[in-house]
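To start, the structure under review is shown below, and the notes come after it.
The values are calculated or read from the model by the stated rules, or taken from the named source; none is laboratory data. As the structure is a prediction and not an experimental result, all values here were calculated from the model. Note that each Cβ is placed from the backbone with ideal geometry, even for glycine, and that neighbours are counted across all protein chains shown.
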There are 2 protein chains.
Amino acid sequence: MIDRSTALQLDAADPLASWRDEFVIPDPDVVYLDGNSLGRTPKRTVEALHRVLDEWSGDLITSWWEHDWLNLALSVGDELAPLLGAGPGEVAVHESTTVGIFQQVNVALDLAADRGRPRVVAVDDGDFPTDRYVVEGIARLRDVEIRHGIDDLDGVDVVLRSLVDYRTAELVDLTDETDRARQAGAVTVWDLSHAAGVLVLDLHGAGVDLAVGCTYKFLNGGPGAPAFVYVSERVHDRVTQPIWGWFAQHDQFAMERPFDPRRGVGRMLNGTPPVLGLTAAREGIRLSVDAGIDAIAAKGRALTGFGIELADQFGLVNVTPRDPARRGGHVAVRHPDARRLHAALGERKVIIDRRDPDILRFGMSPLTTSYADVHEAFAALADLLATPD
Amino acid sequence: MIDRSTALQLDAADPLASWRDEFVIPDPDVVYLDGNSLGRTPKRTVEALHRVLDEWSGDLITSWWEHDWLNLALSVGDELAPLLGAGPGEVAVHESTTVGIFQQVNVALDLAADRGRPRVVAVDDGDFPTDRYVVEGIARLRDVEIRHGIDDLDGVDVVLRSLVDYRTAELVDLTDETDRARQAGAVTVWDLSHAAGVLVLDLHGAGVDLAVGCTYKFLNGGPGAPAFVYVSERVHDRVTQPIWGWFAQHDQFAMERPFDPRRGVGRMLNGTPPVLGLTAAREGIRLSVDAGIDAIAAKGRALTGFGIELADQFGLVNVTPRDPARRGGHVAVRHPDARRLHAALGERKVIIDRRDPDILRFGMSPLTTSYADVHEAFAALADLLATPD
């Protein structure tokens, strides 16, 4: 029988426990298991935003050079790269995940071999809505056919898929699935939104060409923080993205020339980088780098394992993979009253996440979640279920 | 002969003079005539960012509902609308100007009548690089031809053009030029980046269908602040933009459905809105609304007129239109040593702007620029020119 004292023992032995002090936590009574949707606020982010406001007001336009704002999308990308198993010059941080997916699927369509027929993009009907929507939009714009489903990749040119399922937390094997697509002649665009910052990723080792993801979940980059795009250096020279802006121009301030894209991932850039958002994203990313992604991922597996044990103990319907190598950073429980339970937990200051129609998500952001949090959340849910409406 | 005392008299009579106190100005000795590139920092913005950091850390994921972050791209758009002569529900603020231009040109291509041949997009070779680059990128993606130049619109389907020339500040007539394009059967996408926040605009009155622009120049929205897109309600039902994300979805949290775009300008949205950037943009926009765009535009005409008089007095080569109804918010002077002069002025704490090959821009953001600033900048330039290297 797991109880609160078990959780407290685990917290006492947790090597990452002190990282929670790096975050602004105004009300310690709130149990926050939704860092997989919006990560908490790093204290360093508050300080960094003060600094950037001083740069803006004090150095004005010269900040673009004095404080290297011009290069911010790429320098923040370089800081993120080790968390993805990527190298310098392969990651840029900018715009929204939606725009990044749009760019990458278009890039993949150009990378895919010409087979003398309209190219085929495979996307699963169960994937996150934006991934499906973006592909639908591209199919309206270009001569592209959609394959609904990713089990059979025969005749597919581009695969867009999430590494971690946003509902069940199911994690597929990055290397195996990239290989399977490549053997079918397809280029895969990986959506790492639910993976970055909570899993050890090795994009290089797995032979990944293209990836995209968000920084506001496990990377604690702030609400609506800019997204990242990864382009393997192996394909840099063959990449042409669809949205051509002046930050992608080789010699940006030579205003009179035709478009001549930068070398490397810089050609993925569009317009003026969002300095405030990038400043916040950078601090979240740095925290994860400093804490160490191996330790973060190990704690993620332990927290989610602990959550699954609690779900079992309380008789809940767990839908998360039990193999720690096959799951991301949250635990999902299915219940027909998910909507009501989610709201009732909120009234008890237990904040979890919900996805229609019947999924409750317990997000376990390793730097800010304690075992006591996990115990309290599941115990509160069990208590609600034992209590008549 | 205009001298410093003339400038001080004009400042004393300036009804907007006190608005300068609304901005963070750490060094009052800096003469800043580059607010047309990056506006100064409103004090309210600093306060608003503190508030939004408190919302994030305190209310966490629930802020999306509690503080209406979900609707921020549209609510900020509604606050901006009066400055554009637009109505509620016609403006959204999100992503970068580059992405906005990409969206709008694609929208315009769909709005344009089918004439049984590839559609033609006209853009001037002298327009801002991003506008040209985006069109080049679209022509690679879709079956589109580019017309280099906007004088002859015969056979043109879409026109992309800036209302104010980023070099000379030349302003064209919005109504006349929109009409001229329409009579040729073309839809115009107006880039208002150098116009919004310094000119009285009447998009409705001018019959404009589509426009885009940035908020970090005269609107003082912060470095890399999100852009705005305007879609006239007259064409709302016929608009399909190319980048389909979940914030454009009619019932966003019903995750299992095909893409079904929202009504109105909301269908232009892509991904999760950049909350920090939008918070800053909103405060800049509010300042202009509160000060009154009529007064702002009147001061802009007076400041630029004063600058042109000074340019004449000092024997400089002014290339800005002399008719106040035909110019935007900056004064441009041509000089073969522009690069050296720009740097030398910077060493004297006079910050202006420069564009290759030979243009010096004196930006006159009405809420933060005094007549004394304008006098000091031109006098410093004249002094430099009178001094041997």
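Summary of computed values
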{"quantity": "Filter pass, B:Arg340 being within 22 Å of A:Asp251 (Cβ to Cβ) and in a helix (DSSP H, G or I)", "calculated": "yes"}
{"quantity": "Unique residue being outside any helix (DSSP H, G or I), assigned by TED's automatic domain parsing to the domain that holds A:Thr240 and touching a strand residue (DSSP E or B) at 6+ places or on another chain (Cβ under 8 Å) when the list is A:Val76, A:Val93, A:Val107, A:Val99", "calculated": "A:Val93"}
{"quantity": "Test for A:Asp237: is it charged (D, E, K, R) and within 14 Å of chain B (Cβ to nearest Cβ)", "calculated": "no"}
{"quantity": "Some residue of region A:142-156 being aliphatic (A, V, I, L, M) and within 14 Å of chain B (Cβ to nearest Cβ)", "calculated": "yes"}
{"quantity": "Filter result (more than 24 Å from the chain's Cα centre (by Cα) and under 24 Å from B:Cys214 (Cβ atoms)) within region B:118-145", "calculated": "B:Ala139, B:Leu141"}
{"quantity": "Qualifying residues in region B:112-122 (those that are of a type outside the set (D, E, K, R) and not in a loop (DSSP other than H, G, I, E, B)) - the one surrounded by the most Cβ atoms within 10 Å (Cβ to Cβ)", "calculated": "B:Val121"}
{"quantity": "Failed criterion for B:Val231 (all others in (1) over 13 Å from the mean Cα position of the chain (by Cα); (2) in contact (Cβ under 8 Å) with a residue 60 or more places away in the chain; (3) under 17 Å from B:Leu38 (Cβ atoms) hold)", "calculated": "(3)"}
{"quantity": "Hey, A:Arg119 basic (Lys, Arg), more than 8 Å from every other protein chain (Cβ to nearest Cβ) and free of Cβ contacts under 8 Å to residues at least 60 places away in the same chain or not", "calculated": "yes"}
{"quantity": "Flag for B:Asp131 being touching a Phe, Trp or Tyr at 6+ places or on another chain (Cβ under 8 Å), buried (at least 24 other Cβ atoms within 10 Å of the Cβ) and under 30 Å from B:Pro366 (Cα atoms)", "calculated": "no"}
{"quantity": "Filter pass, A:Tyr216 being hydroxyl-bearing (Ser, Thr, Tyr), within 9 Å of chain B (Cβ to nearest Cβ) and touching a residue at least 12 places away in the same chain (Cβ under 8 Å)", "calculated": "yes"}
{"quantity": "Which listed residue is within 21 Å of B:Val99 (Cβ to Cβ) and touching a Leu at 6+ places or on another chain (Cβ under 7 Å), from B:Pro261, B:Pro223", "calculated": "B:Pro223"}
{"quantity": "Hits in region B:133-192 (condition: more than 30 Å from B:Gly305 (Cβ to Cβ), touching a residue at least 60 places away in the same chain (Cβ under 8 Å) and either in a helix (DSSP H, G or I) or not aliphatic (A, V, I, L, M) (or both))", "calculated": "B:Gly185"}
{"quantity": "When residues of region B:245-255 are limited to those that are farther than 20 Å from A:Glu95 by Cβ and more than 7 Å from chain A (Cβ to nearest Cβ), the one modelled with the highest pLDDT", "calculated": "B:His250"}
{"quantity": "Residue match in region A:82-94 (condition: closer than 14 Å to A:Tyr230 by Cα, within 9 Å of another protein chain (Cβ to nearest Cβ) and crowded, with 23+ Cβ neighbours inside 10 Å)", "calculated": "yes"}
{"quantity": "Residue check for B:Asp294: modelled with pLDDT of 95 or more, surrounded by fewer than 17 Cβ atoms within 10 Å (Cβ to Cβ) and over 18 Å from B:Val31 (Cβ atoms)", "calculated": "yes"}
{"quantity": "Enumeration of residues in region B:16-39 that are under 20 Å from B:Lys299 (Cβ atoms), more than 7 Å from chain A (Cβ to nearest Cβ), part of a loop (DSSP other than H, G, I, E, B) and not aliphatic (A, V, I, L, M)", "calculated": "B:Pro28, B:Gly35, B:Asn36, B:Gly39"}
{"quantity": "Residue list for region A:304-355, restricted to those being away from every other protein chain (no Cβ under 14 Å), among the basic types (Lys, Arg) and farther than 15 Å from A:His194 by Cα", "calculated": "A:Arg322, A:Arg334, A:Arg340"}
{"quantity": "Those residues of region B:95-116 which are within 14 Å of another protein chain (Cβ to nearest Cβ) and among the acidic types (Asp, Glu), in sequence order", "calculated": "B:Glu95, B:Asp110"}
{"quantity": "Test: residue in region A:65-72 that is of a type outside the set (Asp, Glu), within 14 Å of another protein chain (Cβ to nearest Cβ), crowded, with 16+ Cβ neighbours inside 10 Å and within 28 Å of B:Trp64 (Cα to Cα)", "calculated": "yes"}
{"quantity": "Breaking point among (1) acidic (Asp, Glu); (2) part of a strand (DSSP E or B); (3) farther than 19 Å from A:Val159 by Cβ, for A:Glu47", "calculated": "(2)"}
{"quantity": "Given (1) crowded, with 22+ Cβ neighbours inside 10 Å; (2) in contact with a strand residue (DSSP E or B) (Cβ under 6 Å, 6 or more places away or on another chain); (3) without any contact (Cβ under 8 Å) to a residue 60 or more places away in the chain, number of the condition A:Asp125 does not satisfy", "calculated": "(1)"}
{"quantity": "Search result, residues across region B:240-268 that are farther than 21 Å from B:Gly87 by Cβ and of a type in the set (Gly, Ala, Ser)", "calculated": "B:Gly245, B:Ala254"}
{"quantity": "B:Glu55 surrounded by fewer than 22 Cβ atoms within 10 Å (Cβ to Cβ) and either among the β-branched types (Val, Ile, Thr) or closer than 23 Å to B:Ala295 by Cβ (or both)", "calculated": "no"}
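Residue by residue, here is whether (1) assigned to a loop (DSSP other than H, G, I, E, B); (2) at pLDDT 95 or above; (3) of a type in the set (Val, Ile, Thr) holds:
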{"residue": "A:Pro321", "(1), (2), (3)": "yes, yes, no"}
{"residue": "A:Val331", "(1), (2), (3)": "no, yes, yes"}
{"residue": "A:Leu345", "(1), (2), (3)": "no, yes, no"}
{"residue": "A:Arg361", "(1), (2), (3)": "no, yes, no"}
